[in-house]
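Enquirer: To start, I am sharing the structure in question, which I have written as structure tokens.
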Amino acid sequence: MDWSPVLISLKTAVPAVAVTFFLGLLLAWGVTAARGAALRAVLDGLLTLPLVLPPTVAGFFLLWVFGVKRPLGRLFLDLFGVRVAFSWGATVLAAVVISLPLMYRSARGAFDQVDRDLLDAGRTLGMSEWTLFRRVLLPNALPGVLTGGILAFARGLGEFGATAMIAGNIAGKTRTLPLAIYSAVAAGDMETAGRYVAVLLLVAFLAVAALNLLGDRRKGGSRRGGS
């Protein structure tokens, strides 16, 4: 069994979830603080769109933007000597785009549940919006935020459609676990495909277990706080 797809998937998911975590936090904070229901609805719709579109559609748009013959793709190549499409970086880009809506929705849902009176009290005390975010909003929403990070990691690890479009299926370079499973099945090697599936199932189980543990701790903290 070739372990390179496992390593490539981990090399993709870890930086992708780091970018997704902080970007999703900032976007959720920005949309929560945006003035006007119409503006929030438009921003929310745009940020949630990759969640409801087929991943291949997201991959097509990424390829349309970052392809070698596209202006932005040529700009990266000419200025930095970096070819985005069909590179390892493209697997990270695809994972970020597909998993970002999960992180954003989880963080925004957690922010919306924070008692507005706490924020108003902080403003009354003269706290800046950034201080309120760091010292009031984020600590109170942390369980939901961490849940979003775990979901984003699992989603990025299992991304297939967008990765195939923008990064391709290059063995030892962009072939992640889902692509390796597809390639093994296409070649009739069901045994190898089954092993890759087992690895993904193990990671998914660990993610679900982490979510359940986080939920149990949150409930335990709520019970102690209410007693």
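Only the coordinates and a few stated rules stand behind these numbers; no lab work does. Just so it is clear, the structure is predicted and the values come from calculations on it, not from any experiment. Every residue, glycine among them, receives a Cβ derived from its backbone with ideal geometry; neighbour counts consider all protein chains shown.
Enquirer: Calculate the length of the line joining the C-alpha centroid of segment 1-21 to that of segment 139-213, in whole Å.
Expert: The two parts, judged by their Cα centres, are 9 Å apart.
Enquirer: For the chain, find the longest principal axis of its Cα atoms and tell me its angle to the long axis of helix 55-66, 0 to 90°, nearest 10.
Expert: Tilt of helix 55-66: around 80 degrees.
Enquirer: Less than 9 Å Cβ to Cβ from residue 24, Lys/Arg counted +1 and Asp/Glu -1: what total charge do the surrounding residues give?
Expert: Around residue 24, the charge tally is +2.
Enquirer: Work out the charge dipole of the chain with +1 on the Cβ of Lys and Arg and -1 on the Cβ of Asp and Glu about the Cα centre, then indicate which of 94, 149, 59 is farthest towards its positive end.
Expert: 149
Enquirer: Here is a follow-up. Calculate for the chain the 222 nm mean residue ellipticity that helices alone would give, adding -39,500 (n - 2.57) per DSSP H run of length 4 or more and normalising by residue count, nearest 500 deg cm²/dmol. The partial results should precede the final answer.
Expert: On the way: 11 runs with 179 residues, N = 227.
So the calculated ellipticity at 222 nm is -26000 deg cm²/dmol.
Enquirer: Related question: Could you grab the Rg to Rh ratio for segment 4-226? Cα atoms only, Kirkwood for Rh.
Expert: Details: Rg = 19.9 Å, Rh = 19.1 Å.
On the Cα set of segment 4-226, Rg over Rh gives 1.04.
Enquirer: Additional query: First obtain the Kirkwood hydrodynamic radius of segment 22-135 from its Cα pairs, then insert it into the Stokes-Einstein equation at 20 °C and 1.002 mPa s, and state the resulting D in µm² per second as a whole number.
Expert: For these conditions, the coefficient is 131 µm²/s.
Enquirer: Sticking with this structure for a sec: Going by alpha carbons, how many degrees (0 to 90, nearest 10) lie between the helix axis of 138-157 and the longest principal axis of the chain?
Expert: Helix 138-157 and the main axis of the chain meet at about 10 degrees.
Enquirer: Which whole-number percentage describes the relative contact order of the chain, with Cα contacts under 8 Å and a sequence gap of 6 or more?
Expert: Numbers: 276 pairs, mean separation 65.9, N = 227.
Result for the chain is 29 percent.
Enquirer: Taking the Cα atoms only, what angle lies between the long axis of helix 88-112 and the longest principal axis of the chain, rounded to 10 degrees?
Expert: 20
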